[in-house]
């Protein structure tokens, strides 16, 4: 079993969008369900949050695809993470702030919750910059369907995939 230090280092590589470092350092038996980093998020959820914070969607997509191959489970539920993620447009917090709670979500349902929030267009905000390639959605969806053949999900052409930060610690502003 990997140590807490391993989990912190792996969270660092995800935060830095460093796929090569992640590949080299990740132990083969690492439990990707465990909470990572100071945010205490499972790996795939951490990838989602970092996608918005950094705007580096291409690198986060590659990391998510690698995590899925390495055994990260997109349907693993977050059970002990109180709080929520919040995002808003700079200088328009009052009218554009969006929020999704962590607890009870898997990476897949967390992404769907954000999709719903972005589609609302609260305050007339255009969240199209926060879109990430549908390849990631396809990867998560395919992995979910392979493990749950009786469950079907609606296809999605463009998935705004993003998250801010835990509301209690570090809200994220976007332009």
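Can you tell me which residue is modelled with the lowest pLDDT among those in segment 34-43 that are farther than 16 Å from residue 61 by Cα and surrounded by 15 or more Cβ atoms within 10 Å (Cβ to Cβ)?
39
Of these, 26, 7, 64, which one is under 18 Å from residue 112 (Cβ atoms) and modelled with pLDDT of 85 or more?
Going through 26, 7, 64 in turn, the sole match is 64.
Quick one: in segment 58-82, of everything that is touching a helix residue (DSSP H, G or I) at 6+ places or on another chain (Cβ under 7 Å) and in a loop (DSSP other than H, G, I, E, B), which residue is nearest to residue 13 (Cα to Cα)?
Per the criteria, the residue is 72.
In the set 65, 73, 103, which member is exposed (fewer than 14 other Cβ atoms within 10 Å of the Cβ), within 18 Å of residue 32 (Cα to Cα) and within 15 Å of the chain's Cα centre (by Cα)?
That would be 103, the only listed residue that is exposed (fewer than 14 other Cβ atoms within 10 Å of the Cβ), within 18 Å of residue 32 (Cα to Cα) and within 15 Å of the chain's Cα centre (by Cα).
Select from segment 8-20 the residues that are touching a helix residue (DSSP H, G or I) at 6+ places or on another chain (Cβ under 9 Å), at negative phi and either surrounded by 17 or more Cβ atoms within 10 Å (Cβ to Cβ) or not in a loop (DSSP other than H, G, I, E, B) (or both) and list them in ascending order.
Correct list: 9, 10, 11, 12, 13, 14, 15, 19, 20.
Condition first: assigned to a loop (DSSP other than H, G, I, E, B) and surrounded by 16 or more Cβ atoms within 10 Å (Cβ to Cβ). Now tell me which residues in segment 21-30 satisfy that.
26, 30
Take the residues in segment 103-116 that are touching a strand residue (DSSP E or B) at 6+ places or on another chain (Cβ under 8 Å) and under 21 Å from residue 71 (Cα atoms), then tell me which one is modelled with the highest pLDDT.
Restricting to residues being touching a strand residue (DSSP E or B) at 6+ places or on another chain (Cβ under 8 Å) and under 21 Å from residue 71 (Cα atoms), the top hit is 110.
Among the residues of segment 44-57, is any over 16 Å from residue 111 (Cα atoms) and part of a helix (DSSP H, G or I)?
yes
For residue 109, which of the numbered conditions (1) within 12 Å of the chain's Cα centre (by Cα); (2) crowded, with 22+ Cβ neighbours inside 10 Å fails to hold?
The number of the failed condition is (2).
The values are calculated or read from the model by the stated rules, or taken from the named source; none is laboratory data. This one's a predicted model, so the numbers in the text were calculated from it and none came from an experiment. All Cβ positions, even for glycine, are placed from backbone atoms using ideal geometry, and neighbour counts span all protein chains on display.
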